Amino acid sequence: MVLGASGCNMDLRPYSVIDPENALETYADAEKLANGFNVHIRSLSSGSIIYSPELQSDLFHATSSFGNRNGLVYRWTFTSSEGIFESVYLACYSAIANANYFIEKAASIESRVAGDPAFADTWTEDELKLLKGHVSEAYFLRAYAYSILVDRYCDAYDEATAGNENTGVALSNRYNPTSDKAQYPGKTTLEASYDQIYSDLEAAQENIGLLRESAAGSLYVTEDVVKALRARVALARHDYAQAIQDATEVINSGKYELVSGTDALNQLWTNDNQAGEVLLQCAVALTTEMPSTNNANYLGYNYQNDVYSPDFVPEKWLVDLYDDTDYRRQVYFKSTPVQIGGITTQEPVLLFNKFPGNPALMTGESDYNYVNAPKPFRLAELYLIAAEAYLNSGMSNGVQEASRLLNELQGRRHSGWENVGYTQNQLAGEIADERVRELVGEGFRLSDLRRYGNGMTRTEGQLSSILYLPGSNTTELFRVNDGDYRFVWAIPQAEIDANPNMRQNLGYTNSNSNN
């Protein structure tokens, strides 16, 4: 594995007692290094990388006892020195460095096998095939990391400007540790960044099947997971044909099924079971393989006093988006009085309960760590991707297919659902609403708002008396116009300081807006 990057030095050498020049000599070495890919994917699919965009959006209000935890992001008062921006940035480039190292070392293995009979004898034919599969995993990891960087640190895709200089991310596709700042990469175009992701996903798809077949509830990357990521990226890129192709291939494969009913949804989100609709659920284990929590103290349960003191509560419009027949209303939210500032409310508040913590990942009954297995790729998202892509595709059957897919998803999430013949005018708003209902808390909302181009508005709270500065421009009257530079995260200041070739994202002052 490779340590997280510092400044712009994105390719620091692997840590361990193994000499990095000889860290991949046998297939056993390859397996050990490839296991690090799974650790990276789990890390990139949980914690602040997921909940920070949700807190920045219009989904939650801070309570008066939130103690300014995640406050800068929530209030949009962050600068380029924001720690969350730096930690996400470094996590992505650390993953990229690992992938680069493995890809290059695997290529050298194949070259040595071809030219050195003695060395070739140390590798079996099956091991060489599996090595190709692990290389595909490395390409997937790199694509996944780049997709997060493009999503967080670049503006929404616009074909008219995507080819402009410095609109994309820095592409670092070689393992080349250096202190020569002249070699540090600067930004590419957004088009080139998307092209790189597509290229990596093509390479990932090529041999991933040599490791394993696609199956529901997989703990590791499969070909269907590759397709799911490409569908997600294609939607953001307005490549609707590609999004439709990848999403519908997975949907129609017959390997996955949308769960239905409160019991099944509870099993999915609390116990990490009911994996029939999950393409990838990261491997976890108590104490040894624990992910970060996606719960930004949405519950704040005090076991000793049996009270809830959350930092953030859902806005009223969010809970009102679910009608009484929607199973998700009963699963994603918990109705309970809360204690804020030492005062317990007389009336209950709906708290966000999508990540309550798997009891199997708790060390005891009082260990409310809110840890669940990350589920970065689910069938439900692909239904929503396909529906939106069909709607925007201009295809003659686009509206019909979008309506059909949306009804299929809604039919599994509601009791007594009767299909709705959505019109073209209705579909855009309904798909956007359904993305909120289904994907809330999973890190998509800020990206969606930026893609829709409608700005952001926070509105009425469920119970204003428990909010931080109720009725103010920070909470219930908060407005952000479309195009506000803060929809795009800043390049970390440490990167700007270390890398003379890096340009800061527009709008961020005291950190070089366009040097």
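The values are calculated or read from the model by the stated rules, or taken from the named source; none is laboratory data. Note that the coordinates shown come from a computational prediction; the quantities given were computed from them, not determined experimentally. Here the Cβ is made from the backbone with ideal geometry for all residues, glycine too, and neighbour counts use every protein chain on show.
Which of the numbered conditions does A182 fail, given that it passes all the others? Conditions: (1) closer than 30 Å to N501 by Cα; (2) at pLDDT 95 or above.
In the conditions (1) closer than 30 Å to N501 by Cα; (2) at pLDDT 95 or above, A182 misses (2) alone.
Determine, yes or no, whether A95 is in a helix (DSSP H, G or I), closer than 18 Å to S52 by Cβ and among the small types (G, A, S).
Spelling it out, A95 is indeed in a helix (DSSP H, G or I), closer than 18 Å to S52 by Cβ and among the small types (G, A, S).
All but one of (1) within 30 Å of E223 (Cβ to Cβ); (2) touching a Pro at 6+ places or on another chain (Cβ under 7 Å); (3) surrounded by fewer than 17 Cβ atoms within 10 Å (Cβ to Cβ) hold for M395; state the number of the condition that does not hold.
Exception for M395: condition (2).
Kindly list the number of the only condition in (1) acidic (D, E); (2) farther than 21 Å from P376 by Cβ; (3) assigned to a helix (DSSP H, G or I) that fails for E54.
(2)
Spot the failing condition for F66; the list is (1) outside any helix (DSSP H, G or I); (2) touching a Ser or Thr at 6+ places or on another chain (Cβ under 7 Å); (3) farther than 24 Å from F140 by Cβ; (4) not acidic (D, E), and only one is missed.
(2)
Evaluate segment 185-194: report whether one residue or more is surrounded by 14 or more Cβ atoms within 10 Å (Cβ to Cβ) and touching a helix residue (DSSP H, G or I) at 6+ places or on another chain (Cβ under 6 Å). Spell out how you get there, then give the answer.
So in segment 185-194, the residues surrounded by 14 or more Cβ atoms within 10 Å (Cβ to Cβ) come out as 185-194.
Then drop every residue that is not touching a helix residue (DSSP H, G or I) at 6+ places or on another chain (Cβ under 6 Å), which leaves 193.
Checking segment 185-194: at least one residue is surrounded by 14 or more Cβ atoms within 10 Å (Cβ to Cβ) and touching a helix residue (DSSP H, G or I) at 6+ places or on another chain (Cβ under 6 Å).
Where residues in segment 322-343 are hydrophobic (A, V, I, L, M, F, W, C) and under 23 Å from the mean Cα position of the chain (by Cα), which of them is surrounded by the most Cβ atoms within 10 Å (Cβ to Cβ)?
Once the filter is applied, the top-ranked residue is V331.
Here's the yes/no breakdown for (1) part of a helix (DSSP H, G or I); (2) under 20 Å from L406 (Cβ atoms):
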{"position": "E202", "(1), (2)": "yes, no"}
{"position": "E206", "(1), (2)": "yes, no"}
{"position": "R212", "(1), (2)": "no, no"}
{"position": "Y220", "(1), (2)": "no, no"}
{"position": "V226", "(1), (2)": "yes, no"}
{"position": "L235", "(1), (2)": "yes, yes"}
{"position": "A241", "(1), (2)": "yes, yes"}
{"position": "T248", "(1), (2)": "yes, yes"}
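Do we find that F487 is closer than 30 Å to S43 by Cα and out of contact with any Gly (no Cβ under 7 Å at 6 or more places or on another chain) in this structure?
yes
Given the options A118, A143, name the one that is assigned to a helix (DSSP H, G or I), at pLDDT 95 or above and closer than 15 Å to Y194 by Cα.
It is A143.
Are there any pairs with C-beta distances below 8 angstrom linking a residue in segment 267-294 that is farther than 18 Å from Y220 by Cβ to a residue that is of a type in the set (D, E), with the two at least 6 apart or on different chains, and if so which?
Every condition considered, the pairs that remain are L268/E277; N294/E442.
Out of E476, E408, E442, E438, report the one residue that is in a helix (DSSP H, G or I), buried (at least 19 other Cβ atoms within 10 Å of the Cβ) and not hydrophobic (A, V, I, L, M, F, W, C). Write out each step before concluding.
Values: E476 fails: in a helix (DSSP H, G or I); E408 fails: buried (at least 19 other Cβ atoms within 10 Å of the Cβ); E442 fails: in a helix (DSSP H, G or I).
Exactly one residue qualifies, and that residue is E438.
What residue, of Y322, Y370, is assigned to a loop (DSSP other than H, G, I, E, B), closer than 26 Å to T475 by Cβ and touching a Ser or Thr at 6+ places or on another chain (Cβ under 8 Å)?
None of the other options fit; the residue is Y370.
Among the listed residues L279, L268, which satisfies the condition of being in contact with a Leu (Cβ under 8 Å, 6 or more places away or on another chain), of a type in the set (A, V, I, L, M) and either surrounded by 21 or more Cβ atoms within 10 Å (Cβ to Cβ) or outside any strand (DSSP E or B) (or both)?
Only one candidate passes the filter, namely L279.
With the condition kept exactly as written, say whether any residue in segment 167-176 is touching a strand residue (DSSP E or B) at 6+ places or on another chain (Cβ under 6 Å) and aliphatic (A, V, I, L, M). Quick ask: steps written out before the conclusion?
Step one: of segment 167-176, the residues touching a strand residue (DSSP E or B) at 6+ places or on another chain (Cβ under 6 Å) are 168, 170.
With the extra rule that they be aliphatic (A, V, I, L, M), the set shrinks to 170.
Yes, that holds for at least one residue.
Yes or no: segment 73-89 includes at least one residue that is in a loop (DSSP other than H, G, I, E, B), of a type outside the set (D, E) and crowded, with 18+ Cβ neighbours inside 10 Å.
Within segment 73-89 (the criterion being in a loop (DSSP other than H, G, I, E, B), of a type outside the set (D, E) and crowded, with 18+ Cβ neighbours inside 10 Å), the answer is yes, since at least one residue qualifies.
List pairs: first residue in segment 91-115 and aromatic (F, W, Y), second residue not in a helix (DSSP H, G or I) anywhere in the structure, Cβ distance under 6 angstrom, at least six positions apart or on different chains.
Going by the 6 Å Cβ cut-off, the qualifying pairs are Y93/A5; Y93/M10; Y101/V2; Y101/Y175.
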